[in-house]
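Here is the structure we will look at.
The values are calculated or read from the model by the stated rules, or taken from the named source; none is laboratory data. If you're wondering where the values come from, they're calculated on a predicted model, not measured in any experiment. Don't worry about glycine lacking a Cβ; one is built from the backbone with ideal geometry, like all the others, and counts go over all protein chains shown.
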Amino acid sequence: MKSIYMLLVGIFISTTVLAQNTAQKLLDEGNALFSQKKYPEAIKKYDAALQSDPKSVPALFKRSTTKVILKDYNGALADLDKAVQLDPKNPGVYLNRGNVRGSRKEYELAIKDYDMALQLDPKSAVVYYEKGVAAFYLKKYDDAIALFGKSIEFHKENEKSYYFRGRIYASKKQHEKAIADFTEAIKLNTKYVDLYMSRGESYRLSGKMELSIKDFQTAMQMDPDNYLAENNLGYLYTETGDLDKAIAVFKKLIEKKPKIGYAYNNLGYLLFKKGKVAEGKEMILKSLELTNNNSYANKNLAEIYLSEKDTKNACLQMEEALKKGYTKDYGPEVEKLKEQYCK
């Protein structure tokens, strides 16, 4: 009887090992397809691996990652729920589940997963970073600053932590701190255009116009189709009084992107300031045709009508600007003009 029992155990072990070996082979094949970006085909291999070995956490892990790429967040979450049940001491599983929940904008639930991951791996820079991102989107900015600080403490070469922390400092108008973080991030990644854009804006807001111009020029060199960088550069030239350079920038931007309404508005106002009133008015009307919700264009058009002593149309444009939220977006300037001219 004992020999029969031992024989049965041996058969069971052999069958289990065979299933695991088969699952590993299918997993490897799936990973090869994944690396080739053949995601639906990779999913089929992971499915087959899990049929062979339903307790394969690596297969669940990789299938969930592939489902995220395919935007199947519910499927990814289901895989990670099962992986947590099978391997509750694996911090990577909680990290990935938190990331999926973050993709679904379930930031509170994501933070709970990141907390579990940190209990298992309290020095994980990537978990502190991801938790910081979740806190950022929950607008818990002080928490996020502390979390990005911890991420940097454990991995000083994480440019994303510097970037997000810099964005928070910028939102708090702590521009010197923001500039310092963006600069550190640029040292680590010189090819990320948004870093130059963000630092350029912080330089502008701190009055360092030449450095701001240089950063936006760099952003344009890196990405010639980046119309935001080009628009901001034109705005900077306007602020520094170099209207001819600003006009040249906006004209070039319109040539490349003829559907961008605010570029026409900016160009139109500059032409008006240079004494080309009719041409300026034409540009601003074109701006409103393309982006009718542009309250700043209505304000600029009101100024042109006032210069023409056309108070009636000027007041109509002021009313439009106020309806579109000018005061909330830009301040009380239009309200003051209306009090002065629209009795």
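Odds and ends about this structure:
Yes/no per residue for (1) hydroxyl-bearing (Ser, Thr, Tyr); (2) crowded, with 23+ Cβ neighbours inside 10 Å; (3) touching a Gly at 6+ places or on another chain (Cβ under 6 Å); (4) farther than 30 Å from His155 by Cα:
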site: Arg167; (1), (2), (3), (4): no, no, no, no
site: Asn189; (1), (2), (3), (4): no, no, no, no
site: Asp194; (1), (2), (3), (4): no, no, no, no
site: Lys208; (1), (2), (3), (4): no, no, no, yes
site: Ser212; (1), (2), (3), (4): yes, yes, yes, no
site: Asn226; (1), (2), (3), (4): no, no, no, yes
site: Leu236; (1), (2), (3), (4): no, yes, no, yes
site: Thr240; (1), (2), (3), (4): yes, no, no, yes
site: Ile247; (1), (2), (3), (4): no, no, no, yes
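- Conditions (1) touching a helix residue (DSSP H, G or I) at 6+ places or on another chain (Cβ under 8 Å); (2) farther than 19 Å from Ile111 by Cα; number of the one not met by Lys38: (1)
- Summed over the stretch 118-129, the residues that are under 17 Å from Ala144 (Cβ atoms) and part of a helix (DSSP H, G or I) give a count of 6.
- Selected residue [within 29 Å of Phe216 (Cβ to Cβ), basic (Lys, Arg) and surrounded by fewer than 19 Cβ atoms within 10 Å (Cβ to Cβ)] from Lys299, Lys328: Lys328
- Filtered residue count, the stretch 231-279, keeping only those that are part of a helix (DSSP H, G or I), under 16 Å from Ala297 (Cβ atoms) and charged (D, E, K, R): 2
- Test: residue in the stretch 44-63 that is over 23 Å from the mean Cα position of the chain (by Cα) and under 28 Å from Leu147 (Cα atoms): yes
- 1 or more residues β-branched (Val, Ile, Thr) and closer than 18 Å to Tyr262 by Cβ: qualifying helices (runs of 4 or more DSSP H) within the stretch 294-340: 295-307
- Meets criteria (at pLDDT 95 or above and more than 16 Å from the chain's Cα centre (by Cα)) for Lys131: no
- Criterion (crowded, with 23+ Cβ neighbours inside 10 Å and basic (Lys, Arg)) met by exactly one of Lys150, Lys131, Lys139, Lys105: Lys131
- Criterion (part of a helix (DSSP H, G or I) and either closer than 18 Å to Phe154 by Cβ or touching a residue at least 60 places away in the same chain (Cβ under 8 Å) (or both)) met by exactly one of Leu109, Leu95, Leu80: Leu95
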